[in-house]
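Everything on this sheet refers to the single structure shown next.
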Amino acid sequence: METSPAIVLDRVSKRYGAGAHAVNAVQDVSLEVPAGEFISIMGPSGSGKSTLLNLIAGLDTPTSGRVIVAGEELARLSDDERSRLRLRHVGFVFQAFNLFPTFTVEENVAWPLEFLGHRWSDARQRAGTVLARVGVDATARRRRPAELSGGEQQRVAIARALATEPDLLLADEPTGNLDSHTGQSILDLLRALNVEHRLTIVLVTHSTFAATYGHRTVELRDGRIVHEARASREPGGARVIPLRE
């Protein structure tokens, strides 16, 4: 039986403002992401990448068109229903890590599980399992984020995103604050999660190298898809096959 797509964007546009001062951040974008795909969305600053990611996450609403995630058309859901869908199906990884500075590593990863009704002892156990999966040493789990390197903080952020066992991971410039070696280790981790757990990943990046980690790369300019290509080699050294321009 055919699996439903993880994401469907049907002629999606997002406009901010009105009249002569209106900004068309996303314009008539149609895109389908099958479950288990690793897709890279790239483009320069102001191209609409982060806006598109926010629309997929249900953090913003389109001016026109449909956004369907996990089989649900987001516009038909209430705010509470969208929040529940994000909690159960979507994980987020940000460029700035967004960890709570006063929480320990373990607490940063465990707290989303409380919203799903897990007891704190169970949440901590789950946090330890996920932290081990992403390569965070047990000795780091009692530390605060400020005591960790940038790469370690991003691994903690990925662990937090995975703690609720989402189907979809949205990563917004996850290597933007990291040096090239550490950034590559994070990309390797994302690729491993995609391969080993069939996690659907949407990676937003301005880096051509980072984009090669995806099965497919979509390039945005001025809010429109201007180029799409599929990788034909292993991540990190991919040759691409154009799909549409």
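Nothing in this text is a laboratory measurement; each read-out follows from the coordinates by a stated rule. Everything numeric in this text was worked out from a predicted model, so none of it was measured. FYI the Cβ positions are ideal-geometry reconstructions off the backbone, even for glycines, and counts take in every protein chain you see.
Given +1 at the Cβ of Lys and Arg, -1 at the Cβ of Asp and Glu and no other charges, the dipole of segment 43-128 around its Cα centre is 180 debye to the nearest 20. Stretched out straight at 0.36 nm per residue, the stretch from Ser149 to Asp79 would grow longer than its current Cα-Cα span by 21.6 nm. Each Lys and Arg Cβ is given +1 and each Asp and Glu Cβ -1; about its Cα centre, the chain then shows a dipole of about 120 debye. Geometric descriptor of the chain, per residue, is 142 Å³ (volume of the convex hull of the Cα atoms). Taking the DSSP bridge list for the chain and keeping only pairs wholly inside it, about 55 percent are antiparallel. Counting other Cβ atoms within 10 Å as a rough exposure proxy, the listed residues Asp28, Asp79 run Asp79, Asp28 from fewest neighbours to most. Of all the options Arg224, Arg66, Arg11, the one that moves most in a Gaussian network model of the chain with Cα springs shorter than 10 angstrom is Arg11. Comparing Gln27, Gln153, Gln125 in a Gaussian network model of the chain (Cα springs below 10 Å), the most mobile by mean-square fluctuation is Gln125.
Amide H contacts of Tyr213 (H built 1.01 Å from N, in plane; Pro and chain starts excluded): Gly236 sit under 5 Å, all sequence-distant by 5 or more or on other chains. Note on segment 7-244: dipole from Cβ charges, positive end direction compared against Gly46, Val33, Gly58; the farthest Cα belongs to Val33. Modelled label positions at Asp122 and Asp179, each set 7 Å beyond Cα in the direction of Cβ, lie 4.2 nm from each other.
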